[in-house]
Amino acid sequence: MLNAVWMGLLLLGVLAAVVNGRVEVVTQSAFASAQGAVEVCLGLIGTMSLWLGLLRIAEKAGIVRMLARLMEPLTVLLYPSLPRGHPALGAIIMNLSANVLGLGNAATPFGLKAMQEMQKLNQDSDTASDAMCTFLAMNTSCITLIPATILGVRVANGSASPTDIVGPTILATFCATVVALTGDALMRRWHHRRKERG
């Protein structure tokens, strides 16, 4: 569906250029955008390498296990169905750590690992468990303290003050996390009540 939307937008742009007699603008813009995309990607390599390397070192040094123990009261509260010490908890912690640092790309493999581990405990394999739904809500709305990827993009594009977005990002993602967790809790209660009645 999304591919059709993008294709439609591209065709409308080309059609508008043809109608206005400015087809060369489309070609120039396409090449300029492609060049800009490569420059931004190359600029992000350093930022991503730094944070991914730090996350890997933290994992190998046992800091992840330590973080999991420190965050155990929170994880027990958010994921009561997961047994203590389950591998899913470590993957959840790594995913959330990457998201807190604004590294969505780094968070993805940990998110997939967490879902795989939670699926092993899921009694109804065709339906997401409560823990999976809570994790999805947390993953998509996670508070971001250091938006590293966005900072990297702003630096690569020559922003005069790339860190101006840190405060608004923290506030916006904090609000998103509160709303997501509240919505998750309310929907879970509603679902369980409906199940008990039905």
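Every number in this text was worked out from the coordinates using simple rules, so none of it is lab data. In this text the structure is predicted, and so the values were computed from the model without any measurement. Please note: Cβ atoms are built from the backbone with ideal geometry, for glycine as well, and neighbour counts cover all protein chains shown.
For this structure, a couple of remarks:
- Across region 25-197, C-alpha contacts under 8 Å between residues 6 or more apart give a mean separation that, scaled by the residue count, equals a relative contact order of 22 percent.
- Three-way shape label, region 4-49, alpha-carbon gyration tensor, a/c 1.5: oblate
- Region 31-133 shape via C-alpha gyration tensor axes, a/c threshold 1.5: oblate
- For the chain, size of Cβ-based charge dipole, Lys and Arg +1, Asp and Glu -1, in debye: 540 debye
- When each of the peptides 125-136, 182-193, 103-114, 72-83 is scored by the mean number of other C-beta atoms lying within 10 Å of its residues, the order from highest to lowest reads 103-114, 125-136, 72-83, 182-193.
- Charge tally in the Cβ shell below 12 Å around Ala131, where Lys, Arg are +1 and Asp, Glu are -1, Ala131 excluded: -1
- Sorting 138-149, 156-167 by average packing, meaning the other beta carbons within 10 Å per residue, from highest down gives 138-149, 156-167.
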